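Trainee: So that we are looking at the same thing, I have put the structure below in structure tokens.
The values are calculated or read from the model by the stated rules, or taken from the named source; none is laboratory data. Since this is a predicted model, take the numbers as computed values, not measurements. Every residue, glycine as well, gets a Cβ built from its backbone with ideal geometry; the counts of neighbours run over all protein chains shown. With ligands, DNA and RNA removed, areas are computed over all heavy atoms of the protein, side chains included. Shrake-Rupley method; radii C 1.70, N 1.55, O 1.52, S 1.80 Å.
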Amino acid sequence: MTENASKKIDRRAIFFKIFNPTVKSELRIPAHFLRHISEDSPDKATLKCLSGGIWNVKLHIDEDGLLIHQGWEKFHKDNHIEDGEFLVFRYDGDLQFTVRIFSKNGLEREAKSITMDKNQKASISDTFKNQKRPPKYPYNPMDVENGTEHETPRKKVAAEKAKLFLTSDTPQFVKCLKSYNVNKSCFIYVPKSFCEQLSELANKTTAILSNSEGNKWKVNFVLRKGYHAFCGGWKQFVKDNKLKEGDVCVFQLVNTNELKVSVFDNPPESLLKVAA
């Protein structure tokens with residue numbers, strides 16, 4: 001590849017969604033995509049199409065990440081998006097996404113002009129004015145003391161998720177992964193207090209670990225005098241979920257011998273204290 005050709009490669013981050021009934025009221029931004037969003041205030045965003053139209057949407061934070069919420073339904077209705085059509089979201093920075101729409105035949109939709117009323121035109125004008133100078137949180141000395149000054153979307157989502165876990169009544173335990181949890185021998189100790197929640201079969205049983213995407217792994221749950229641990233199958237779980245030393249995992253009991261594992265690769269201080 002020539003030097004000129006390499007310069008033309010668009011390296012802006014993208015993700016895709018297939019439109020279906022489950023995303024008609026809101027659309028989830030993939031959790032791993034949050035690392036590309038560094039703005040301070042992830043509560044609003046704009047969507048634009050090849051038609052030239054721009055839609056303001058609001059972002060909603062829940063325990064699994066960010067959702068495109070208010071304004072999303074108007075966007076897909078204005079663009080007449082149908083079930084099975086393919087949407088590609090390119091992140092342009094400043095909380096602005098360009099959305100390309102592909103029909104079920106695999107061809108990209110042709111750009112069509114969209115008639116906008118005065119209110120929408122005014123909204124678009126305000127959006128561009130605001131995005132030239134992204135708003136910052138007003139300075140507050142207490143923010144520095146509390147460690148919350150200029151939180152990125154990723155940190156804010158992590159803090160919100162941690163808060164939900166720490167106030168939950170669901171049986172759970174928290175681990176900050178050490179070298180031996182992810183390398184070589186690759187096993188993880190389970191607190192004795194938590195083991196009472198698991199069904200014991202003789203001195204060895206199995207448990208199911210699931211991630212935020214609903215994928216599941218079977219692991220051996222070994223009970224020995226003096227320790228309890230997940231071993232066989234844990235290594236595959238670590239590999240498939242790309243876990244590393246320093247990650248914090250929250251294990252929640254969701255069914256008999258089934259635990260949902262939520263991973264924080266940039267854990268907030270509140271979780272680190274519990275993990276310690």
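Trainee: Can you sort ILE18, ILE37 by solvent-accessible area, 1.4 Å probe, largest first?
Mentor: The most accessible residue leads, giving ILE18, ILE37.
Trainee: Another question about this same structure. At 7 Å along Cα-to-Cβ for each site, give me the label-to-label distance between LYS184 and CYS231 in nm.
Mentor: That separation, rounded to one decimal, is 1.6 nm.
Trainee: Order TRP72, TRP217, most accessible first, counting only protein heavy atoms with a 1.4 angstrom probe.
Mentor: Most to least solvent-accessible, the answer reads TRP217, TRP72.
Trainee: Let me ask another. Please go through the residue pairs LYS17/LYS218; LYS24/LYS242; LYS17/LYS239; LYS184/LYS244; LYS17/LYS175; LYS58/LYS216 and name each one whose alpha carbons sit more than 21 Å apart in this structure.
Mentor: Listed pairs above 21 Å: LYS17/LYS218; LYS24/LYS242; LYS17/LYS239; LYS17/LYS175; LYS58/LYS216.
Trainee: Could you sort LEU272, LEU67 by accessible area so the largest value comes first, with the probe set to 1.4 Å?
Mentor: My answer, sorted largest first, is LEU272, LEU67.
Trainee: With labels modelled as points extended 7 Å from the Cα through the Cβ direction, what inter-label distance (nm, one decimal) is found for ARG11 paired with SER25?
Mentor: Taking the simple label geometry, ARG11 and SER25 are separated by 4.1 nm.
Trainee: Label-point separation (nm) for ARG109 and ASN220, each offset 7 Å from Cα along Cα-to-Cβ?
Mentor: 5.4
Trainee: Another question, if that's okay. R0 = 51 Å: FRET efficiency of ARG90 with SER168, Cβ-based, nearest 0.05?
Mentor: The pair ARG90/SER168 has a calculated efficiency of 0.90.
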